[in-house]
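Only one structure is covered here, and it is reproduced in the block below.
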Amino acid sequence: MKSNLLATKLHRPALPVQWVKRPSLTQKLHEGLVLNRQLTLVSAPAGFGKTTCITEWLNTLESCPVAWLSLDAADNDPGRFFAYLIAALQSVDAYLGQELAGVLQSGQLPAADMIGTGLVNDILTIENRFLLVLDDFHLIQDTFILQVLETIIANQPLPLHLVLITREDPPLPLARLRANNRLTEIRAKDLRFSNPDVACFLNDVLNLALSAADVAALEAKTEGWIVGLQLAGLSVRDRTDPSAFIANLSGSHRFILDYLAEQVLSRQPDEIQRFLLQTSILDKLNSELCNAVTERADGRSRLNHLFNANLFLIPLDDEQQWYRYHHLFADLLRDRQVDLGKQETAVLHQRASQWYAQEKMINEAMHHALAAEDFGTAVTLLEDHALHLIMQGYVKTVNGWLETIPERWRSQSHRTNLAFAWMHLLRGAYSQAAPYLARLGNSFSSSPAEEAGQSIRAEWLVMQALLLNMEGKSEEGLALASEALATVPEQDGRVRSLAYFGLASANQALERYEAAAEAYQKAIHHGQVADNLIAEMLSVSGLAMMAFERGQLHLAYEIAAPVSDRIEQAGALSPITTVVYGILGEIYYQWFQTEAARRHFQRALELSTLGGYKSGMVNCRVLLSRLYQLVGDLETAAHQIKEATALIQLEIPDYVRQEIVAQQVHVYLAQDRAAAAQTVLQEQGFAFDNHFAYPVLPSDQSISYSPGLLYNSSLRFLLYQTQAGRELDSLQAGIELGGDLIERARRGRCTAVALEALLLRAQMHNLLGNYRASQQDYVNSMRLGAPEGFIGVFVEQGQPVAAALTKLARQHRLDDIQPGYVERLLAAFAGLPASDSKSDGTALQSPTLIDPLTERELEVLGLMAEGLKYKEIAAKLIVSVNTVRYHVKAIYGKLNVNNRTQAIETARQHQLL
């Protein structure tokens, strides 16, 4: 039933069996399409036949696909609106909005420009023109939605023609479109019935036999207003003297409407009047719902009677299962509901709420529960469904419900508060989660645990533990996670998986890696059993990250790679999936598979941006900066780290901030901006002016990945200073710090940090003339990196390390290293530019794409250049059209273009064609 109701929103209304044909309007609309105008606006008050006008026109467009979306007041929620908009677009092509739909399913609402740009890019892959019709658009007032639509209109691609049907002009750039002849407008003056139209409508459609004088009189009194004419026609039907009735009709539109509606209703049998009043609380009707609300069994026959009597009942599907009353008629019926009394009306809403709840149509069930002021039912619905709805992106809707419910009832909605807290935590917005957790804490303090529910309390403890872990209070976090595990019932796998994740996170921060790995495995197991994808993703990401930071590249890959496939297949792209792609990108980076690394970093950036995950967005920019610098594109590397810095927020995790500073230092030194590098390091507690000093590390503690990168960046700065002609005095202190970092990193099995420190210390030893110590550090670094295939950390050191390793290989000092590893590593250095310390980025530009096109993408590109359409390409390559579109989107991304013409031009510049 729920899917059937959704289908009614996407169903193009059928024309009545008889209607007044409007060829002049159809011609005007068609001319706008021929002239390639971007937008058709049909704007007029209610009752002017706007929808019928567009439907008649669409029926003349034989070869043009149409996506239709009928809007209602509940669609003013961005999450709900875009879910339905994508469903409408996918009726034209299943590929449209697919990625955005996955993000919305995970409960994240991307930024408006990201949604607009994403939809525009998807639409660009459609070859043939199609129409998107948004009916009742005046109900959309949300500025976020309007901003997205403005982005689409401003960058509207050729395949899309947008049609808006509305009672009032939307706040979109209509004046600009009008001035540029990009807008077709149909107004009330165009829609009014002329005298011949009025005669046809009254005498042919409504089967009346009015005189020409009566027709002229009704045209004058209603000014061609179609709904007024329909009410007038129903009012004079079967009257002995219709002329006298028409002569006495006068007043404004509203007065005529009220008067005629009263006339129409008063002539209906009492049982029909009562049925109309009782069911007027419903936005949409079907026979079962009407039976539930009226507590009768004749809903089907009543609806058939109303439809056959032309009593403003509009079918919403071809099977005539769902209907709605004409909006004006429904408003008039609701005005008369005072006849029923407030108590009876509330009971009707309660019955509707119960029926919708049984049918799992929660939005409608909540609407009627709140209309009845049945807050007990509303809270129950929230408890059962809030988390799912929020994770589907209906944040504004759920928050609106929560604010409607009085505070004394709101505090009882524990799961709703948890849902909002999870939403903010998953996006890294920790401070925004705090109020919801505080409200829960106050509730628990005033209620015994058994009343609040053990599972709810345990989940609250887990979230508190995660916040403490982020604040560096891991011992306290561990205690709360342990308490959560002791509290949660054995059978609640979902919360148990979350509790084990909290336990694992705390143990990892406390460097209890075996305990952390065991807890992660249990979290994954319970998450899979409970079908809790979020808990599973969190734990898989944590376990894979721990393996990577401990230098276990192959293990990290084995954990993360299968999950990335599951993520894409599941469709729900939670922000946590960013971590999985980021880890895979870092593994490929270290294996020096730059194409794969860039693809995964870019995918992680897309998902974190779509999901509004600021920490993820920052980290991805840092990783991309490292990658671009690795291949010699210093200009892009600098741009990426600048973008990352611009995104920094106060509550960004320390590890992200440390990695930003480390990469800033690397880029600044490559640009010969030593002062800038020194400034960012000094802000982290390092000193270089009189002597080298750094923040003291606890004597009994290892060092983890991100702090290790930060401390290593200070060694990189010392090395740069010395190479630039500064005194050698600080190098000895740097060598001592390098030794300390190597020892701590090895103690914590943080291989990447140990490798980088070894390579930096080797270069320092060489500058001081300690050649034997330098060579030993190089040999040790090769032995340490060989088992897992580390290459990236070597290559990013540049030519000095390449020269030193080449010399050692010629001296056979590396013969005992794993076979093939030395050759692969030296081959990776072969494409490096002569120096990476130029201030002019042009010397470092890579002559080829960082992410080369695959063989299949080159085939598709060649066929595009020949002018073939997607269907023709698909036939030639024996693949589906969707597969072709997938390759085209990848080509556009790699070439950084937006359409076929740009792709072909850029490809020729890169000598790909």
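The values are calculated or read from the model by the stated rules, or taken from the named source; none is laboratory data. Because the structure is a prediction, the values reported are computed rather than measured. Note: ideal-geometry Cβ built from the backbone for every residue, glycine included; neighbour counts use all protein chains shown. We work out accessible area using only protein heavy atoms, side chains counted, and drop any ligands, DNA or RNA first. Shrake-Rupley method; radii C 1.70, N 1.55, O 1.52, S 1.80 Å.
Quick one: count up the residues across the range 798-813 that are open to solvent by less than 10 Å² (accessible area, probe 1.4 Å) and over 23 Å from Tyr589 (Cα atoms). The total comes to 1. Could we say that Gly441 is over 23 Å from the mean Cα position of the chain (by Cα), surrounded by fewer than 22 Cβ atoms within 10 Å (Cβ to Cβ) and modelled with pLDDT under 80 here? No, not satisfied. Taking the range 147-158 as the range and being at pLDDT below 90 and either polar (S, T, N, Q) or in contact with a strand residue (DSSP E or B) (Cβ under 6 Å, 6 or more places away or on another chain) (or both) as the test, the residues that pass are Thr151, Asn155, Gln156. Here is the figure for the range 213-244: residues that are over 19 Å from Pro45 (Cβ atoms) and not acidic (Asp, Glu) total 14. Summed over the range 209-218, the residues that are polar (S, T, N, Q) and part of a helix (DSSP H, G or I) give a count of 0.
Of all residues in the range 318-337, one or more are open to solvent by 20 Å² or more (accessible area, probe 1.4 Å), without any contact (Cβ under 8 Å) to a residue 24 or more places away in the chain and either in contact with a His (Cβ under 9 Å, 6 or more places away or on another chain) or farther than 26 Å from Leu10 by Cα (or both).
Looking at Ala365, Ala369, Ala352, which one is at pLDDT 90 or above, crowded, with 20+ Cβ neighbours inside 10 Å and either in contact with a strand residue (DSSP E or B) (Cβ under 8 Å, 6 or more places away or on another chain) or over 22 Å from Leu71 (Cβ atoms) (or both)? Within the list Ala365, Ala369, Ala352, the selection yields Ala369. Screening Glu756 on (1) modelled with pLDDT of 95 or more; (2) assigned to a loop (DSSP other than H, G, I, E, B); (3) of a type in the set (D, E, K, R) shows it passes everything except condition (2).
Looking across the range 219-230 at every residue that is in a loop (DSSP other than H, G, I, E, B) and of a type outside the set (Phe, Trp, Tyr), the one that is most open to solvent (accessible area, probe 1.4 Å) is identified as Glu223.
All conditions in (1) within 22 Å of His600 (Cα to Cα); (2) not in a helix (DSSP H, G or I) hold for Glu857, with the sole exception of (2).
Look at the range 863-889: where a residue is in a helix (DSSP H, G or I) and a partner is open to solvent by 70 Å² or more (accessible area, probe 1.4 Å), sitting 6+ places away or on another chain with Cβ atoms under 6 Å, you get Ala865/Leu913; Val881/Lys871. Checked against the criteria, Gly616 does not count as open to solvent by less than 10 Å² (accessible area, probe 1.4 Å) and not in a helix (DSSP H, G or I). Considering the range 249-288, and only residues there that are of a type in the set (A, V, I, L, M, F, W, C) and touching a Ser or Thr at 6+ places or on another chain (Cβ under 8 Å), the residue that is modelled with the lowest pLDDT turns out to be Leu260. Among the residues of the range 551-559, are any in contact (Cβ under 8 Å) with a residue 40 or more places away in the chain, of a type outside the set (S, T, N, Q), under 21 Å from Tyr705 (Cα atoms) and surrounded by fewer than 20 Cβ atoms within 10 Å (Cβ to Cβ)? For the range 551-559, residues in contact (Cβ under 8 Å) with a residue 40 or more places away in the chain, of a type outside the set (S, T, N, Q), under 21 Å from Tyr705 (Cα atoms) and surrounded by fewer than 20 Cβ atoms within 10 Å (Cβ to Cβ): present.
Each row is one residue, and each column tells you yes or no for (1) among the hydrophobic types (A, V, I, L, M, F, W, C); (2) farther than 30 Å from Tyr513 by Cβ.
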{"residue": "Ala724", "(1), (2)": "yes, yes"}
{"residue": "Ala733", "(1), (2)": "yes, yes"}
{"residue": "Arg747", "(1), (2)": "no, no"}
{"residue": "Leu755", "(1), (2)": "yes, no"}
{"residue": "Leu758", "(1), (2)": "yes, no"}
{"residue": "Leu784", "(1), (2)": "yes, no"}
{"residue": "Gly789", "(1), (2)": "no, no"}
{"residue": "Ala803", "(1), (2)": "yes, yes"}
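So is Glu344 within 20 Å of Lys9 (Cβ to Cβ) and in a helix (DSSP H, G or I) or not? Taking the combined requirement at face value, the residue does not satisfy it. Of a type in the set (A, V, I, L, M, F, W, C), in contact with a Lys or Arg (Cβ under 9 Å, 6 or more places away or on another chain) and within 24 Å of Ile742 (Cβ to Cβ): is that true of Val696 in this structure? No. Going through (1) within 17 Å of Ala74 (Cβ to Cβ); (2) more than 24 Å from the chain's Cα centre (by Cα) one by one, Glu127 falls short only on (1).
Pairs linking a residue in the range 727-747 that is in contact (Cβ under 8 Å) with a residue 60 or more places away in the chain and assigned by the TED database to the domain that holds Pro698 to a residue that is open to solvent by 90 Å² or more (accessible area, probe 1.4 Å) and assigned to a helix (DSSP H, G or I), with Cβ atoms under 9 Å and 6 or more positions apart or on different chains, do not occur. Within the range 276-301, the set of residues being closer than 24 Å to Gly47 by Cβ, over 38 Å from the mean Cα position of the chain (by Cα) and without any contact (Cβ under 8 Å) to a residue 60 or more places away in the chain comprises just one member, Leu276. Scanning the range 469-499 for residues that are open to solvent by 30 Å² or more (accessible area, probe 1.4 Å) and within 28 Å of the chain's Cα centre (by Cα) gives Met470, Glu471, Arg494.
In a residue-by-residue description of the range 903-911, the property of being in contact (Cβ under 8 Å) with a residue 24 or more places away in the chain, open to solvent by 40 Å² or more (accessible area, probe 1.4 Å) and either outside any loop (DSSP other than H, G, I, E, B) or under 19 Å from Glu99 (Cβ atoms) (or both) applies to no position.
Mind checking whether some residue in the range 205-218 is under 19 Å from Lys50 (Cβ atoms), surrounded by 14 or more Cβ atoms within 10 Å (Cβ to Cβ) and within 46 Å of the chain's Cα centre (by Cα)? Within the range 205-218, not a single residue is under 19 Å from Lys50 (Cβ atoms), surrounded by 14 or more Cβ atoms within 10 Å (Cβ to Cβ) and within 46 Å of the chain's Cα centre (by Cα).
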